[in-house]
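Asks: Please see the structure below; I have some questions.
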Amino acid sequence: MEVRKIAVLGAGLMGHGIAQVAAQVGKFNVNLRDINQEFLDHGMSMIKTSLQRFLKKGVITQKEVDETLKRIHPILDLKEAVSDADLIIEAVPENVKLKKSVLSEVDGLAKPDAYLASNTSSISITLLASATSRPEKFCGLHFFNPPQLMKLIEIIRGAKTSDETISLLVDVTKKMAKDPVVVKKDCAGFIVNRILVPALNEAISLVWEGIAEPEDVDKAIRLGLNWPMGPLKLVDYLGLDTTLSIAEVLRDNLDPKYRPSPLLRQMVRAGLLGRKTGKGFYDWTK
Ligand code: CAA
């Protein structure tokens, strides 16, 4: 089957970027769906801002900006968004109950031969697939933030994912000029978050234990390991709530040693979630 139309569910931080990459680079027709007009408008405005950045740098032309925007259709109605899609990428908030209920509804509305994928960063692919009647046509498709710039995609096999699904998704992501890796087993954290989140958690522990200031932890890792941004800035960028929930999944599914730092939990309780709330380890309001 050739994928021509992709539906992206959720126009948030990841969804808008996935829709943009699919339309801009992959030249796919994209239905971008969210639950209210405000979320859709915000997603489209983030896409326009990002396209303007590429235009300003000369990466793309005005014609490509216009054509990309023409290929993206913002839609509120779920049935309209998914019924003619060959591939549906779910990027709704990281909540098991919500994801399962959206996927089960989508399964009933999508074409019988359509493929489904989830951009979850931590939830079991096999569990999400069980909400559908087509687990062999379901896999994880984990983009990295910001999806417009990050080359990697993790393609994750659930217990029943077919070889055909994996090879189709490898082809689709290559058309988006991404560099996919296949995660052969459905395992908490996949590859990147299994390594990244414990490192971020250690950075937070260094601050909690009074060993160094956040700026110095970040400076050490930027200059010592050549990371593009320090771990605490990255936590702010990803969201402290997201980081906490991934750490909890690692702890619950792999080993108690992955337990989140008390400071991470405390900051989430205080609403200090990073960039999205204006404050985390840094002040993002300026
Ligand atoms: N669209 C288009 N261009 C963008 C953009 C976007 N959304 N965001 C940034 N850019 C461009 C900017 O225009 C700028 O271009 P020039 O350098 O040519 O001027 C460039 O990217 C750098 O941007 P900034 O100067 O604003 O900021 P920066 O130097 O800090 O770079 C960054 C931003 C690319 C995000 C970089 O800091 C970086 O690579 N950080 C690490 C990101 C990372 O680790 N992501 C993975 C997180 S893990 C994850 O996502 C998985 C999970 O499940 C948690």
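The values are calculated or read from the model by the stated rules, or taken from the named source; none is laboratory data. Remember, it's a predicted structure, so these values are computed and weren't measured experimentally. Backbone-built Cβ (ideal geometry, glycine too); neighbour counts: all protein chains shown. Note: accessible area is taken over every heavy atom of the protein model, side chains too, but ligands, DNA and RNA are not part of it. Shrake-Rupley method; radii C 1.70, N 1.55, O 1.52, S 1.80 Å.
Asks: Just to be sure I understand, how many residues within the stretch 56-82 are within 15 Å of Ala23 (Cβ to Cβ) and either more than 16 Å from the ligand (Cβ to nearest atom) or assigned to a helix (DSSP H, G or I) (or both)?
Replies: Number of matching residues: 13.
Asks: Shifting gears a bit: With respect to Gly10, is the statement that it is open to solvent by less than 20 Å² (accessible area, probe 1.4 Å), on the phi > 0 side of the Ramachandran plot and not assigned by TED's automatic domain parsing to the domain that holds Asp236 true? If you could, list the steps in order and put the result at the bottom.
Replies: Numbers: open to solvent by less than 20 Å² (accessible area, probe 1.4 Å): yes; on the phi > 0 side of the Ramachandran plot: yes; not assigned by TED's automatic domain parsing to the domain that holds Asp236: yes.
Answer is yes for this residue.
So that you can scan it fast, the table gives a plain yes or no per residue for (1) open to solvent by 30 Å² or more (accessible area, probe 1.4 Å); (2) more than 15 Å from the ligand (Cβ to nearest atom); (3) touching a helix residue (DSSP H, G or I) at 6+ places or on another chain (Cβ under 7 Å); (4) not hydroxyl-bearing (Ser, Thr, Tyr):
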position: Asp113; (1), (2), (3), (4): yes, yes, no, yes
position: Ile123; (1), (2), (3), (4): no, no, yes, yes
position: Ser130; (1), (2), (3), (4): yes, yes, no, no
position: Phe143; (1), (2), (3), (4): no, no, yes, yes
position: Arg157; (1), (2), (3), (4): yes, yes, yes, yes
position: Lys160; (1), (2), (3), (4): yes, yes, yes, yes
position: Thr165; (1), (2), (3), (4): no, yes, yes, no
position: Leu168; (1), (2), (3), (4): no, yes, no, yes
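Asks: Moving on to the next point. Please state which one of Ala85, Ala11, Ala23, Ala19 is in contact with a strand residue (DSSP E or B) (Cβ under 8 Å, 6 or more places away or on another chain), part of a loop (DSSP other than H, G, I, E, B) and within 15 Å of the ligand (Cβ to nearest atom). Break it down stepwise before answering.
Replies: Numbers: Ala85 fails: within 15 Å of the ligand (Cβ to nearest atom); Ala23 fails: part of a loop (DSSP other than H, G, I, E, B); Ala19 fails: part of a loop (DSSP other than H, G, I, E, B).
Only one candidate passes the filter, namely Ala11.
Asks: Scan the stretch 192-204 for residues that are among the small types (Gly, Ala, Ser) and exposed (fewer than 15 other Cβ atoms within 10 Å of the Cβ) and report the count. So that I can check it myself, show each step before the final result.
Replies: At the first step, the residues of the stretch 192-204 found to be among the small types (Gly, Ala, Ser) are 199, 203.
When the remaining residues are screened for being exposed (fewer than 15 other Cβ atoms within 10 Å of the Cβ), the result is 199.
Number of matching residues: 1.
Asks: Ok, one more. Can you pull out the residues in the stretch 253-282 that are touching a residue at least 24 places away in the same chain (Cβ under 8 Å), assigned to a loop (DSSP other than H, G, I, E, B) and either of a type outside the set (Ser, Thr, Tyr) or within 11 Å of Val235 (Cα to Cα) (or both)?
Replies: Correct list: Leu254, Pro260, Leu272, Leu273, Gly280, Phe281, Tyr282.
Asks: OK, next. Output the number of residues of the stretch 26-39 satisfying the condition of being under 18 Å from Ser101 (Cβ atoms), part of a loop (DSSP other than H, G, I, E, B) and open to solvent by 40 Å² or more (accessible area, probe 1.4 Å).
Replies: Just the residues of the stretch 26-39 that are under 18 Å from Ser101 (Cβ atoms), to begin with: 33-36, 39.
If we keep only those that are part of a loop (DSSP other than H, G, I, E, B) as well, we get 34-36.
Cutting the leftovers down to open to solvent by 40 Å² or more (accessible area, probe 1.4 Å) gives us 35-36.
Total satisfying the criteria: 2.
Asks: Go through the stretch 208-233 and count every residue that is in a helix (DSSP H, G or I), open to solvent by 30 Å² or more (accessible area, probe 1.4 Å) and closer than 26 Å to Ala188 by Cβ.
Replies: First, pick out the residues of the stretch 208-233 that are in a helix (DSSP H, G or I): 208, 214-225, 231-233.
Remaining after also requiring open to solvent by 30 Å² or more (accessible area, probe 1.4 Å): 208, 215-216, 219-225, 233.
Cutting the leftovers down to closer than 26 Å to Ala188 by Cβ gives us 208, 221, 225, 233.
Total satisfying the criteria: 4.
Asks: Sticking with this one: Here is a check on your reading of the model: is Val181 assigned to a strand (DSSP E or B) and open to solvent by 20 Å² or more (accessible area, probe 1.4 Å)?
Replies: The answer is yes for Val181.
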